[in-house]
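First the structure, in the form of C-alpha coordinates, and then the observations on it.
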Amino acid sequence: MPPRAKTKLPPPSTAHSSADAQPGLQQGAQRTRDRILQAARELVLEEGASRLTLDAVVVRAGLSKGAFLYHFKTKRDLFVTLIDEMIRAFDAVQANHERRFAGDPDPWLSSQVEAMPDDEMQKMGAALLAAAAEDPTLLDPLREWYRVQYERVRRSPRGTETAALIMLALDGALFADLLGLPILAPAERRHFFRALQDLASGHLELVPAKRTHMSRVRSGVMTACAPRSLAVACTLSISTLLSGCGNSQSTVSEPPRAVKLAAAQSDLPHSSRIELTGSARATERSILGFETGGRIAKLNVDVGERFSRGQVLAELDAQPDRLRVTQAQASLAAAEAGLMDRRVQTDQQRRLLESEVISPAAFESAKAQLAVAEGQARTAKAALGLAERAQRGTMIVAPFDGVVAEKLALAFTDIAAGAPVFQVDGVRSGTEIIANASTTQAPHFV
(Lines give C-alpha, C1' and ligand atoms only; values in the text may rest on other atoms or scores of the structure.)
Protein backbone atom coordinates (compact mmCIF):
# COMPACT_ATOMS: atom_id res chain seq x y z
CA MET A 1 0.00 0.00 0.00
CA PRO A 2 1.58 3.40 -0.98
CA PRO A 3 2.26 6.05 1.69
CA ARG A 4 -0.81 8.10 2.53
CA ALA A 5 -0.66 11.68 1.31
CA LYS A 6 -2.62 13.93 3.64
CA THR A 7 -4.76 16.86 2.52
CA LYS A 8 -2.97 20.19 2.93
CA LEU A 9 -4.32 23.72 3.07
CA PRO A 10 -4.15 25.26 -0.43
CA PRO A 11 -2.07 28.31 -1.37
CA PRO A 12 -4.22 31.46 -1.24
CA SER A 13 -4.48 31.76 -5.01
CA THR A 14 -5.83 28.24 -5.56
CA ALA A 15 -9.00 28.26 -3.46
CA HIS A 16 -11.63 30.99 -3.51
CA SER A 17 -15.13 31.51 -2.23
CA SER A 18 -17.76 31.01 -4.85
CA ALA A 19 -19.35 34.31 -3.75
CA ASP A 20 -16.18 36.29 -4.54
CA ALA A 21 -14.61 34.52 -7.52
CA GLN A 22 -15.67 36.52 -10.60
CA PRO A 23 -14.26 36.20 -14.10
CA GLY A 24 -13.47 39.92 -14.32
CA LEU A 25 -11.71 40.25 -10.96
CA GLN A 26 -8.59 42.38 -11.43
CA GLN A 27 -5.22 40.86 -10.64
CA GLY A 28 -4.39 43.47 -8.01
CA ALA A 29 -7.67 42.96 -6.16
CA GLN A 30 -7.11 39.20 -6.25
CA ARG A 31 -3.68 39.59 -4.67
CA THR A 32 -5.19 41.76 -1.94
CA ARG A 33 -7.85 39.16 -1.25
CA ASP A 34 -5.20 36.41 -1.08
CA ARG A 35 -3.16 38.46 1.40
CA ILE A 36 -6.22 38.83 3.63
CA LEU A 37 -6.92 35.09 3.55
CA GLN A 38 -3.29 34.22 4.21
CA ALA A 39 -3.15 36.63 7.16
CA ALA A 40 -6.39 35.16 8.54
CA ARG A 41 -5.05 31.60 8.26
CA GLU A 42 -1.81 32.55 10.03
CA LEU A 43 -3.71 34.24 12.87
CA VAL A 44 -6.04 31.27 13.34
CA LEU A 45 -3.14 28.80 13.36
CA GLU A 46 -0.98 30.87 15.73
CA GLU A 47 -3.52 32.35 18.15
CA GLY A 48 -6.87 30.60 17.57
CA ALA A 49 -10.11 31.69 15.93
CA SER A 50 -11.15 33.76 18.97
CA ARG A 51 -8.29 36.18 18.19
CA LEU A 52 -9.29 36.67 14.56
CA THR A 53 -10.46 40.29 14.40
CA LEU A 54 -10.67 42.81 11.58
CA ASP A 55 -7.89 44.93 13.13
CA ALA A 56 -5.61 41.93 13.61
CA VAL A 57 -6.08 40.77 10.01
CA VAL A 58 -5.43 44.16 8.40
CA VAL A 59 -2.31 44.68 10.56
CA ARG A 60 -0.97 41.21 9.67
CA ALA A 61 -1.78 41.71 5.97
CA GLY A 62 -0.45 45.28 5.90
CA LEU A 63 -3.70 46.60 4.40
CA SER A 64 -6.35 49.16 5.24
CA LYS A 65 -9.77 48.38 6.72
CA GLY A 66 -11.31 49.61 3.48
CA ALA A 67 -9.41 46.94 1.53
CA PHE A 68 -10.69 44.26 3.93
CA LEU A 69 -14.31 45.45 3.73
CA TYR A 70 -14.14 45.54 -0.07
CA HIS A 71 -13.65 41.75 -0.14
CA PHE A 72 -15.35 40.67 3.12
CA LYS A 73 -18.27 42.67 4.48
CA THR A 74 -18.09 41.00 7.90
CA LYS A 75 -15.81 38.72 9.90
CA ARG A 76 -18.41 35.98 9.36
CA ASP A 77 -17.87 36.22 5.58
CA LEU A 78 -14.16 35.63 6.20
CA PHE A 79 -14.86 32.56 8.36
CA VAL A 80 -17.22 31.11 5.74
CA THR A 81 -14.57 31.59 3.06
CA LEU A 82 -11.92 29.84 5.18
CA ILE A 83 -14.26 26.87 5.74
CA ASP A 84 -15.13 26.79 2.04
CA GLU A 85 -11.40 26.73 1.21
CA MET A 86 -10.87 23.70 3.45
CA ILE A 87 -13.72 21.83 1.79
CA ARG A 88 -12.39 22.63 -1.68
CA ALA A 89 -8.88 21.56 -0.71
CA PHE A 90 -10.11 18.21 0.58
CA ASP A 91 -12.27 17.63 -2.52
CA ALA A 92 -9.32 18.39 -4.82
CA VAL A 93 -7.00 15.92 -3.08
CA GLN A 94 -9.75 13.30 -2.85
CA ALA A 95 -10.50 13.62 -6.58
CA ASN A 96 -6.80 13.16 -7.38
CA HIS A 97 -6.64 9.98 -5.27
CA GLU A 98 -9.88 8.71 -6.81
CA ARG A 99 -8.13 8.44 -10.19
CA ARG A 100 -5.43 6.26 -8.57
CA PHE A 101 -8.02 3.76 -7.36
CA ALA A 102 -9.83 3.43 -10.68
CA GLY A 103 -9.66 -0.38 -10.47
CA ASP A 104 -11.33 -0.64 -7.03
CA PRO A 105 -15.04 -1.46 -6.63
CA ASP A 106 -15.65 2.11 -5.37
CA PRO A 107 -12.73 4.43 -6.21
CA TRP A 108 -14.43 7.31 -4.37
CA LEU A 109 -14.61 5.29 -1.13
CA SER A 110 -11.00 4.09 -1.43
CA SER A 111 -9.79 7.65 -1.95
CA GLN A 112 -11.37 8.81 1.32
CA VAL A 113 -8.83 6.84 3.37
CA GLU A 114 -5.92 8.46 1.52
CA ALA A 115 -7.24 12.03 1.76
CA MET A 116 -7.11 12.52 5.56
CA PRO A 117 -6.23 16.17 6.42
CA ASP A 118 -2.70 16.97 7.57
CA ASP A 119 -1.81 18.47 10.98
CA GLU A 120 -2.05 22.08 9.80
CA MET A 121 -5.51 21.59 8.30
CA GLN A 122 -6.63 19.73 11.43
CA LYS A 123 -5.48 22.61 13.59
CA MET A 124 -7.32 25.06 11.34
CA GLY A 125 -10.42 22.87 11.49
CA ALA A 126 -10.35 22.71 15.30
CA ALA A 127 -10.05 26.51 15.52
CA LEU A 128 -12.94 27.07 13.09
CA LEU A 129 -15.09 24.58 15.00
CA ALA A 130 -14.44 26.64 18.13
CA ALA A 131 -15.63 29.74 16.26
CA ALA A 132 -18.75 27.85 15.17
CA ALA A 133 -19.68 27.41 18.84
CA GLU A 134 -20.59 31.12 18.83
CA ASP A 135 -22.24 31.04 15.38
CA PRO A 136 -23.44 27.53 14.41
CA THR A 137 -24.51 28.80 10.97
CA LEU A 138 -20.82 28.91 10.02
CA LEU A 139 -21.06 25.13 9.61
CA ASP A 140 -23.86 25.31 7.03
CA PRO A 141 -21.44 24.70 4.11
CA LEU A 142 -19.96 21.74 6.00
CA ARG A 143 -23.43 20.31 6.73
CA GLU A 144 -24.31 20.46 3.04
CA TRP A 145 -20.97 18.84 2.16
CA TYR A 146 -21.66 16.02 4.65
CA ARG A 147 -25.13 15.51 3.19
CA VAL A 148 -23.63 15.03 -0.29
CA GLN A 149 -20.91 12.73 1.10
CA TYR A 150 -23.39 10.41 2.77
CA GLU A 151 -25.65 10.38 -0.28
CA ARG A 152 -22.68 8.80 -2.06
CA VAL A 153 -22.29 6.38 0.83
CA ARG A 154 -25.85 5.17 0.22
CA ARG A 155 -25.00 4.49 -3.43
CA SER A 156 -21.59 2.84 -2.84
CA PRO A 157 -20.98 -0.43 -4.76
CA ARG A 158 -19.39 -1.74 -1.54
CA GLY A 159 -22.78 -1.61 0.15
CA THR A 160 -24.32 0.97 2.43
CA GLU A 161 -23.26 -0.73 5.68
CA THR A 162 -19.61 -1.21 4.71
CA ALA A 163 -19.25 2.27 3.20
CA ALA A 164 -20.93 3.90 6.19
CA LEU A 165 -18.68 2.07 8.66
CA ILE A 166 -15.59 3.23 6.76
CA MET A 167 -16.73 6.85 6.55
CA LEU A 168 -17.85 7.00 10.17
CA ALA A 169 -14.57 5.42 11.29
CA LEU A 170 -12.62 8.07 9.32
CA ASP A 171 -14.80 10.85 10.73
CA GLY A 172 -14.32 9.49 14.23
CA ALA A 173 -10.54 9.35 13.78
CA LEU A 174 -10.56 12.91 12.45
CA PHE A 175 -12.60 14.20 15.40
CA ALA A 176 -10.25 12.38 17.79
CA ASP A 177 -7.31 14.15 16.12
CA LEU A 178 -9.09 17.53 16.32
CA LEU A 179 -9.72 17.04 20.04
CA GLY A 180 -6.23 15.69 20.72
CA LEU A 181 -7.48 12.33 21.99
CA PRO A 182 -4.72 9.65 22.06
CA ILE A 183 -6.99 6.85 20.83
CA LEU A 184 -4.40 4.66 19.07
CA ALA A 185 -0.64 4.27 19.18
CA PRO A 186 1.15 5.07 15.87
CA ALA A 187 1.55 1.37 14.93
CA GLU A 188 -2.09 0.65 15.79
CA ARG A 189 -3.15 3.70 13.80
CA ARG A 190 -1.28 2.50 10.70
CA HIS A 191 -2.89 -0.94 11.10
CA PHE A 192 -6.29 0.69 11.50
CA PHE A 193 -6.03 2.74 8.28
CA ARG A 194 -4.61 -0.24 6.40
CA ALA A 195 -7.63 -2.28 7.49
CA LEU A 196 -9.98 0.50 6.34
CA GLN A 197 -8.21 0.66 2.98
CA ASP A 198 -8.47 -3.12 2.53
CA LEU A 199 -12.14 -2.96 3.47
CA ALA A 200 -12.80 -0.18 0.96
CA SER A 201 -10.96 -1.99 -1.85
CA GLY A 202 -12.72 -5.32 -1.21
CA HIS A 203 -9.67 -7.18 0.12
CA LEU A 204 -11.37 -7.42 3.51
CA GLU A 205 -14.99 -8.23 4.24
CA LEU A 206 -17.05 -7.79 7.38
CA VAL A 207 -19.24 -10.77 8.20
CA PRO A 208 -21.66 -10.00 11.04
CA ALA A 209 -22.16 -12.75 13.62
CA LYS A 210 -25.87 -11.99 13.81
CA ARG A 211 -28.13 -10.32 11.32
CA THR A 212 -29.89 -8.38 14.06
CA HIS A 213 -26.59 -6.66 14.85
CA MET A 214 -26.26 -5.37 11.31
CA SER A 215 -29.90 -4.32 11.28
CA ARG A 216 -29.24 -2.03 14.23
CA VAL A 217 -26.32 -0.51 12.34
CA ARG A 218 -28.52 0.08 9.28
CA SER A 219 -31.24 1.79 11.30
CA GLY A 220 -28.96 4.37 12.84
CA VAL A 221 -25.88 4.78 10.70
CA MET A 222 -27.17 7.14 8.03
CA THR A 223 -28.34 9.78 10.50
CA ALA A 224 -25.10 9.88 12.47
CA CYS A 225 -23.53 13.21 11.60
CA ALA A 226 -23.19 14.66 15.11
CA PRO A 227 -19.85 14.22 16.91
CA ARG A 228 -21.37 11.94 19.58
CA SER A 229 -22.87 9.67 16.88
CA LEU A 230 -19.58 9.74 15.01
CA ALA A 231 -17.73 8.64 18.12
CA VAL A 232 -20.15 5.77 18.77
CA ALA A 233 -20.02 4.62 15.16
CA CYS A 234 -16.23 4.92 15.10
CA THR A 235 -15.96 2.76 18.23
CA LEU A 236 -18.21 0.17 16.60
CA SER A 237 -16.21 0.12 13.38
CA ILE A 238 -12.80 0.04 15.09
CA SER A 239 -13.75 -2.93 17.26
CA THR A 240 -15.24 -4.75 14.25
CA LEU A 241 -12.23 -4.08 12.01
CA LEU A 242 -9.60 -5.03 14.56
CA SER A 243 -11.42 -8.22 15.52
CA GLY A 244 -11.77 -9.11 11.83
CA CYS A 245 -8.03 -8.73 11.24
CA GLY A 246 -6.90 -10.88 14.16
CA ASN A 247 -7.32 -14.50 15.15
CA SER A 248 -9.44 -13.84 18.20
CA GLN A 249 -13.18 -13.47 17.87
CA SER A 250 -13.66 -11.75 21.21
CA THR A 251 -14.52 -8.03 21.44
CA VAL A 252 -13.59 -5.60 24.16
CA SER A 253 -16.45 -3.66 25.72
CA GLU A 254 -16.36 -0.82 28.20
CA PRO A 255 -17.14 -1.76 31.80
CA PRO A 256 -20.62 -0.76 32.92
CA ARG A 257 -20.84 2.56 34.71
CA ALA A 258 -21.40 2.17 38.44
CA VAL A 259 -24.67 3.58 39.80
CA LYS A 260 -26.15 3.67 43.26
CA LEU A 261 -29.69 2.40 43.72
CA ALA A 262 -31.79 3.78 46.57
CA ALA A 263 -35.37 3.28 47.64
CA ALA A 264 -37.38 6.30 48.77
CA GLN A 265 -38.84 5.84 52.25
CA SER A 266 -42.39 6.85 53.10
CA ASP A 267 -44.61 6.74 56.17
CA LEU A 268 -47.75 6.31 54.07
CA PRO A 269 -49.65 3.03 54.26
CA HIS A 270 -48.80 0.52 51.53
CA SER A 271 -52.20 0.95 49.85
CA SER A 272 -51.53 4.67 49.32
CA ARG A 273 -48.08 4.27 47.78
CA ILE A 274 -47.32 4.69 44.10
CA GLU A 275 -44.17 3.15 42.64
CA LEU A 276 -42.30 5.30 40.12
CA THR A 277 -38.88 5.02 38.51
CA GLY A 278 -36.84 8.20 38.18
CA SER A 279 -33.48 9.86 38.60
CA ALA A 280 -32.13 12.05 41.38
CA ARG A 281 -30.14 15.21 40.78
CA ALA A 282 -28.85 18.11 42.83
CA THR A 283 -31.16 21.08 43.17
CA GLU A 284 -28.21 23.45 42.81
CA ARG A 285 -26.34 22.77 39.57
CA SER A 286 -24.71 24.75 36.79
CA ILE A 287 -22.74 24.57 33.55
CA LEU A 288 -19.55 26.62 33.80
CA GLY A 289 -17.45 28.18 31.05
CA PHE A 290 -14.90 30.93 30.49
CA GLU A 291 -16.08 34.51 30.11
CA THR A 292 -13.51 35.01 27.36
CA GLY A 293 -12.17 32.75 24.63
CA GLY A 294 -8.68 31.31 24.32
CA ARG A 295 -6.58 28.18 24.77
CA ILE A 296 -7.20 26.05 27.86
CA ALA A 297 -3.98 25.84 29.91
CA LYS A 298 -5.17 23.94 33.01
CA LEU A 299 -8.13 21.85 34.09
CA ASN A 300 -7.64 21.62 37.86
CA VAL A 301 -10.47 19.16 38.64
CA ASP A 302 -11.81 16.00 37.05
CA VAL A 303 -15.12 14.16 37.02
CA GLY A 304 -16.18 13.14 40.51
CA GLU A 305 -13.83 15.52 42.33
CA ARG A 306 -15.20 17.86 44.99
CA PHE A 307 -14.37 21.56 45.10
CA SER A 308 -15.00 24.55 47.36
CA ARG A 309 -16.60 27.88 46.59
CA GLY A 310 -14.01 30.30 45.17
CA GLN A 311 -11.66 27.52 44.03
CA VAL A 312 -10.11 27.96 40.56
CA LEU A 313 -11.40 25.05 38.46
CA ALA A 314 -9.78 25.86 35.10
CA GLU A 315 -7.47 28.44 33.53
CA LEU A 316 -6.82 29.77 30.04
CA ASP A 317 -3.42 30.75 28.70
CA ALA A 318 -3.34 34.21 30.29
CA GLN A 319 -0.34 35.66 28.44
CA PRO A 320 -2.35 37.21 25.54
CA ASP A 321 -4.71 38.91 28.02
CA ARG A 322 -1.82 40.16 30.16
CA LEU A 323 -0.26 41.70 27.08
CA ARG A 324 -3.57 43.32 26.15
CA VAL A 325 -3.83 44.82 29.65
CA THR A 326 -0.29 46.18 29.32
CA GLN A 327 -1.17 47.61 25.91
CA ALA A 328 -4.34 49.22 27.29
CA GLN A 329 -2.41 50.73 30.21
CA ALA A 330 0.10 52.25 27.79
CA SER A 331 -2.71 53.63 25.62
CA LEU A 332 -4.40 55.16 28.67
CA ALA A 333 -1.13 56.76 29.82
CA ALA A 334 -0.60 58.26 26.35
CA ALA A 335 -4.21 59.51 26.23
CA GLU A 336 -3.96 61.13 29.69
CA ALA A 337 -0.64 62.78 28.75
CA GLY A 338 -2.24 64.12 25.59
CA LEU A 339 -5.22 65.39 27.61
CA MET A 340 -2.96 67.17 30.07
CA ASP A 341 -1.05 68.83 27.25
CA ARG A 342 -4.28 69.86 25.56
CA ARG A 343 -5.58 71.44 28.81
CA VAL A 344 -2.39 73.50 29.13
CA GLN A 345 -2.74 74.65 25.52
CA THR A 346 -6.39 75.55 26.05
CA ASP A 347 -5.52 77.67 29.10
CA GLN A 348 -2.89 79.45 27.04
CA GLN A 349 -5.41 80.06 24.27
CA ARG A 350 -7.88 81.47 26.83
CA ARG A 351 -5.34 84.01 28.09
CA LEU A 352 -4.50 84.99 24.51
CA LEU A 353 -8.21 85.47 23.81
CA GLU A 354 -8.58 87.67 26.88
CA SER A 355 -5.64 89.72 25.60
CA GLU A 356 -7.34 89.90 22.19
CA VAL A 357 -4.34 88.27 20.54
CA ILE A 358 -6.41 85.47 18.93
CA SER A 359 -9.96 85.38 17.61
CA PRO A 360 -12.87 83.66 19.37
CA ALA A 361 -12.96 81.12 16.53
CA ALA A 362 -9.39 80.03 17.29
CA PHE A 363 -10.28 79.56 20.95
CA GLU A 364 -13.35 77.50 20.03
CA SER A 365 -11.09 75.27 17.91
CA ALA A 366 -8.80 74.77 20.92
CA LYS A 367 -11.82 73.85 23.07
CA ALA A 368 -12.95 71.31 20.47
CA GLN A 369 -9.52 69.71 20.45
CA LEU A 370 -9.67 69.51 24.26
CA ALA A 371 -13.05 67.73 24.03
CA VAL A 372 -11.54 65.22 21.58
CA ALA A 373 -8.63 64.56 23.97
CA GLU A 374 -11.05 64.05 26.86
CA GLY A 375 -13.04 61.54 24.75
CA GLN A 376 -9.87 59.67 23.81
CA ALA A 377 -8.89 59.44 27.48
CA ARG A 378 -12.33 58.07 28.43
CA THR A 379 -12.13 55.54 25.60
CA ALA A 380 -8.67 54.40 26.68
CA LYS A 381 -9.87 54.05 30.30
CA ALA A 382 -12.85 51.94 29.17
CA ALA A 383 -10.57 49.78 27.01
CA LEU A 384 -8.34 49.15 30.03
CA GLY A 385 -11.38 48.13 32.08
CA LEU A 386 -12.48 45.69 29.38
CA ALA A 387 -8.97 44.24 29.11
CA GLU A 388 -8.79 43.76 32.88
CA ARG A 389 -12.21 42.10 32.88
CA ALA A 390 -11.14 39.81 30.03
CA GLN A 391 -8.05 38.89 32.07
CA ARG A 392 -10.25 37.94 35.03
CA GLY A 393 -12.37 35.88 32.61
CA THR A 394 -9.43 33.55 31.92
CA MET A 395 -10.30 31.60 35.08
CA ILE A 396 -13.35 29.55 36.05
CA VAL A 397 -14.04 30.08 39.75
CA ALA A 398 -16.40 27.75 41.59
CA PRO A 399 -19.68 29.57 42.44
CA PHE A 400 -20.52 27.13 45.25
CA ASP A 401 -19.32 24.00 47.03
CA GLY A 402 -19.90 21.09 44.69
CA VAL A 403 -18.70 18.15 42.67
CA VAL A 404 -17.81 17.82 38.96
CA ALA A 405 -20.56 15.86 37.23
CA GLU A 406 -19.14 16.07 33.69
CA LYS A 407 -16.06 17.49 31.98
CA LEU A 408 -17.02 18.99 28.61
CA ALA A 409 -13.67 20.27 27.29
CA LEU A 410 -10.03 19.16 27.05
CA ALA A 411 -6.83 20.89 28.06
CA PHE A 412 -4.68 22.61 25.39
CA THR A 413 -7.62 23.15 23.01
CA ASP A 414 -9.05 26.46 21.83
CA ILE A 415 -12.45 27.31 23.23
CA ALA A 416 -14.92 30.11 22.56
CA ALA A 417 -16.25 32.48 25.20
CA GLY A 418 -19.19 30.95 27.05
CA ALA A 419 -18.61 27.44 25.72
CA PRO A 420 -19.32 24.80 28.42
CA VAL A 421 -16.31 23.33 30.25
CA PHE A 422 -17.79 21.71 33.38
CA GLN A 423 -21.21 20.55 34.51
CA VAL A 424 -21.25 20.78 38.31
CA ASP A 425 -23.66 19.84 41.10
CA GLY A 426 -23.90 21.52 44.50
CA VAL A 427 -23.28 19.36 47.56
CA ARG A 428 -24.98 21.60 50.14
CA SER A 429 -28.32 21.91 48.36
CA GLY A 430 -31.19 19.48 48.37
CA THR A 431 -31.90 16.68 45.94
CA GLU A 432 -34.81 16.58 43.52
CA ILE A 433 -36.20 13.44 41.91
CA ILE A 434 -37.42 13.45 38.32
CA ALA A 435 -39.90 10.66 37.54
CA ASN A 436 -42.50 9.91 34.87
CA ALA A 437 -46.06 9.12 35.93
CA SER A 438 -48.75 7.57 33.78
CA THR A 439 -52.11 9.20 33.17
CA THR A 440 -53.72 6.86 35.70
CA GLN A 441 -51.13 7.77 38.36
CA ALA A 442 -51.20 11.51 37.77
CA PRO A 443 -54.52 12.22 39.62
CA HIS A 444 -52.96 10.97 42.85
CA PHE A 445 -50.55 13.91 42.87
CA VAL A 446 -53.21 16.62 42.58
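Checking each residue in segment 55-75 for being part of a helix (DSSP H, G or I) and surrounded by 14 or more Cβ atoms within 10 Å (Cβ to Cβ) picks out 56, 57, 58, 60, 61, 67, 68, 70, 71, 75.
Residue 294 meets the conditions (1) surrounded by 15 or more Cβ atoms within 10 Å (Cβ to Cβ); (2) free of Cβ contacts under 8 Å to residues at least 40 places away in the same chain; (3) of a type outside the set (D, E, K, R) in every case but one. The failed one is (2).
Yes or no: segment 364-384 includes at least one residue that is outside any strand (DSSP E or B), within 21 Å of residue 316 (Cβ to Cβ) and either aliphatic (A, V, I, L, M) or not assigned by TED's automatic domain parsing to the domain that holds residue 312 (or both). Yes, that holds for at least one residue. Answer with yes or no whether residue 415 is of a type in the set (A, V, I, L, M), surrounded by 15 or more Cβ atoms within 10 Å (Cβ to Cβ) and not assigned by TED's automatic domain parsing to the domain that holds residue 176. It is true that residue 415 is of a type in the set (A, V, I, L, M), surrounded by 15 or more Cβ atoms within 10 Å (Cβ to Cβ) and not assigned by TED's automatic domain parsing to the domain that holds residue 176. Applying a threshold of 7 Å to beta carbon distances and a minimum spacing of six or more residues, or different chains, the list of pairs starting in segment 179-206 at a residue that is outside the structural domain of residue 101 (by TED's automatic domain parsing) and ending at one that is of a type in the set (Gly, Ala, Ser) and assigned to a helix (DSSP H, G or I) reads 183/176; 196/169; 197/110; 200/110; 201/110; 204/195; 204/244; 206/244. Please find, among 336, 305, the residue that is outside the structural domain of residue 129 (by TED's automatic domain parsing), charged (D, E, K, R) and touching a residue at least 60 places away in the same chain (Cβ under 8 Å). Residue meeting the stated conditions: 305. Scanning segment 385-422 for residues that are assigned to a helix (DSSP H, G or I) and more than 23 Å from residue 45 (Cβ to Cβ) returns 385, 386, 387, 388, 389, 391, 392. Against the condition touching a residue at least 40 places away in the same chain (Cβ under 8 Å), out of contact with any Phe, Trp or Tyr (no Cβ under 6 Å at 6 or more places or on another chain) and β-branched (Val, Ile, Thr), how does residue 424 come out, does it pass? Yes, satisfied.
Each row is one residue, and each column tells you yes or no for (1) more than 33 Å from the chain's Cα centre (by Cα); (2) surrounded by 12 or more Cβ atoms within 10 Å (Cβ to Cβ); (3) modelled with pLDDT of 90 or more; (4) not small (Gly, Ala, Ser).
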residue	(1), (2), (3), (4)
327	no, yes, yes, yes
379	no, yes, yes, yes
400	no, yes, yes, yes
410	no, yes, yes, yes
428	yes, no, no, yes
433	yes, no, no, yes
441	yes, yes, no, yes
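Checking each residue in segment 308-357 for being touching a helix residue (DSSP H, G or I) at 6+ places or on another chain (Cβ under 7 Å) and among the β-branched types (Val, Ile, Thr) picks out 325, 346. Every test in (1) closer than 30 Å to residue 410 by Cβ; (2) in contact with a helix residue (DSSP H, G or I) (Cβ under 9 Å, 6 or more places away or on another chain); (3) charged (D, E, K, R) is passed by residue 302 save one, and that test is (2). State whether the residues of segment 85-94 include one that is buried (at least 20 other Cβ atoms within 10 Å of the Cβ), among the acidic types (Asp, Glu), assigned to a helix (DSSP H, G or I) and not assigned by TED's automatic domain parsing to the domain that holds residue 204. Yes: one or more hits. When the residues of segment 270-291 are filtered to those that are touching a residue at least 12 places away in the same chain (Cβ under 8 Å) and basic (Lys, Arg), the one that is farthest from residue 392 (Cα to Cα) is 281. With respect to the conditions (1) surrounded by fewer than 21 Cβ atoms within 10 Å (Cβ to Cβ); (2) more than 30 Å from residue 198 (Cβ to Cβ); (3) aromatic (Phe, Trp, Tyr), residue 101 lacks only one, and its number is (2). Report, by residue number, each residue of segment 134-153 that is more than 20 Å from residue 115 (Cα to Cα) and not aliphatic (A, V, I, L, M). The answer is 134, 135, 136, 137, 140. If I filter segment 112-133 for residues that are of a type in the set (S, T, N, Q) and either crowded, with 17+ Cβ neighbours inside 10 Å or assigned by TED's automatic domain parsing to the domain that holds residue 410 (or both), do I get at least one hit? Yes, some residue in segment 112-133 is of a type in the set (S, T, N, Q) and either crowded, with 17+ Cβ neighbours inside 10 Å or assigned by TED's automatic domain parsing to the domain that holds residue 410 (or both).
Rundown of residues vs (1) in contact with a Cys (Cβ under 8 Å, 6 or more places away or on another chain); (2) of a type in the set (A, V, I, L, M, F, W, C); (3) farther than 16 Å from residue 170 by Cβ, yes/no style:
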| site | (1), (2), (3) |
| --- | --- |
| 100 | no, no, yes |
| 110 | no, no, no |
| 115 | no, yes, no |
| 158 | no, no, no |
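Let's see how each residue does on (1) of a type in the set (Val, Ile, Thr); (2) surrounded by 14 or more Cβ atoms within 10 Å (Cβ to Cβ); (3) at positive phi; (4) modelled with pLDDT of 90 or more:
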site: 337; (1), (2), (3), (4): no, no, no, yes
site: 340; (1), (2), (3), (4): no, no, no, yes
site: 346; (1), (2), (3), (4): yes, yes, no, yes
site: 355; (1), (2), (3), (4): no, no, no, no
site: 362; (1), (2), (3), (4): no, no, no, no
site: 373; (1), (2), (3), (4): no, yes, no, yes
site: 376; (1), (2), (3), (4): no, yes, no, yes
site: 383; (1), (2), (3), (4): no, yes, no, yes
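Scan segment 59-69 for residues that are under 28 Å from the mean Cα position of the chain (by Cα) and farther than 15 Å from residue 39 by Cβ and the total you get is 0.
The values are calculated or read from the model by the stated rules, or taken from the named source; none is laboratory data. Because the structure is predicted, anything quoted here is derived from the model rather than measured. Ideal geometry is used to build each Cβ from the backbone, glycine not excepted, and the neighbour counts take in all protein chains shown.
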